[in-house]
Amino acid sequence: MPLWQVYHPVGSYTPEDKQQFAADVTDFYQRIGLPRFYVVTLFHEVEGASCFVGGEPSEGTVRVVIEHIARHSQDPAERGQASEAISRLVAPYTRDRGLYCEFHVDETPQDLWMTDGVAPPTSGSDAERLWARENRPVPY
């Protein structure tokens, strides 16, 4: 279950930009087998006087905080590839628009997660594939 929190300058994204950004994030995780409903993207507008980088005001900063719960990797090469893929994913919404961007990924233990009161199925299991097909939690 990825949760993306995108902190961005006021007015930097239209509603259509947000919809496309969230769709791109969701597609990214669907390609690795996650159900689409696992992916949540939240946008937080930040006033220019409320964002500081290195103690200095920064009106053109986007900060993306990502929590990975459904999938983890301990392999440094895989983690590096994931970081590079995320960097490419955010570029059209950040660097390509002249915005400074930082992101980081936290990994939450899988046993500390439920969706709609149901513990998620094991990664890659038939039950998880059912959840992906149904695009909702299904008792298993």
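The values are calculated or read from the model by the stated rules, or taken from the named source; none is laboratory data. In this text, all values refer to a predicted model and were calculated from it rather than measured experimentally. Methodologically, a virtual Cβ is constructed for each residue, glycine included, from the backbone with ideal geometry; neighbour enumeration extends over all protein chains shown. All accessible areas refer to the heavy atoms of the entire protein, side chains included, with ligands and DNA or RNA removed. Shrake-Rupley method; radii C 1.70, N 1.55, O 1.52, S 1.80 Å.
Quick look at the values:
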{"item": "Solvent exposure of the chain as accessible area per residue, Å², 1.4 Å probe", "result": "57 Å²"}
{"item": "Potential lengthening between residue 43 and residue 100 on full extension [0.36 nm per residue; Cα-Cα distance subtracted]", "result": "18.9 nm"}
{"item": "Net lengthening on full extension, residue 32/residue 123 (0.36 nm per residue, minus Cα-Cα)", "result": "31.7 nm"}
{"item": "Rough spin-label spacing in nm, given labels placed 7 Å along Cα→Cβ, for residue 20 and residue 135", "result": "2.1 nm"}
{"item": "Residue-wise HN-Hα coupling along the stretch 54-65, computed from phi with Karplus coefficients 6.51, -1.76, 1.60 (Hz; x: Gly, Pro)", "result": "x, x, 10, x, 9, 7, x, 9, 10, 10, 10, 10"}
{"item": "For the chain, alpha-carbon Rg relative to the globular expectation (2.2 N^0.38 Å, N residues)", "result": "1.14"}
{"item": "Translational diffusion coefficient (Stokes-Einstein; Kirkwood radius from C-alpha pairs) of the stretch 62-124 at 37 °C, 0.692 mPa s, in µm²/s", "result": "242 µm²/s"}
{"item": "Protein-only accessible surface order, largest first, of 53, 39 at 1.4 Å", "result": "53, 39"}
{"item": "Local electrostatic count at residue 73 - Lys and Arg +1, Asp and Glu -1, tallied over other residues with Cβ under 14 Å", "result": "-3"}
{"item": "Within the accessible area of the stretch 37-140 (1.4 Å probe), percent carbon and sulfur", "result": "50 percent"}
{"item": "Shape box of the stretch 31-103 [Cα atoms, principal axes, largest first, Å]", "result": "39, 27, 22"}
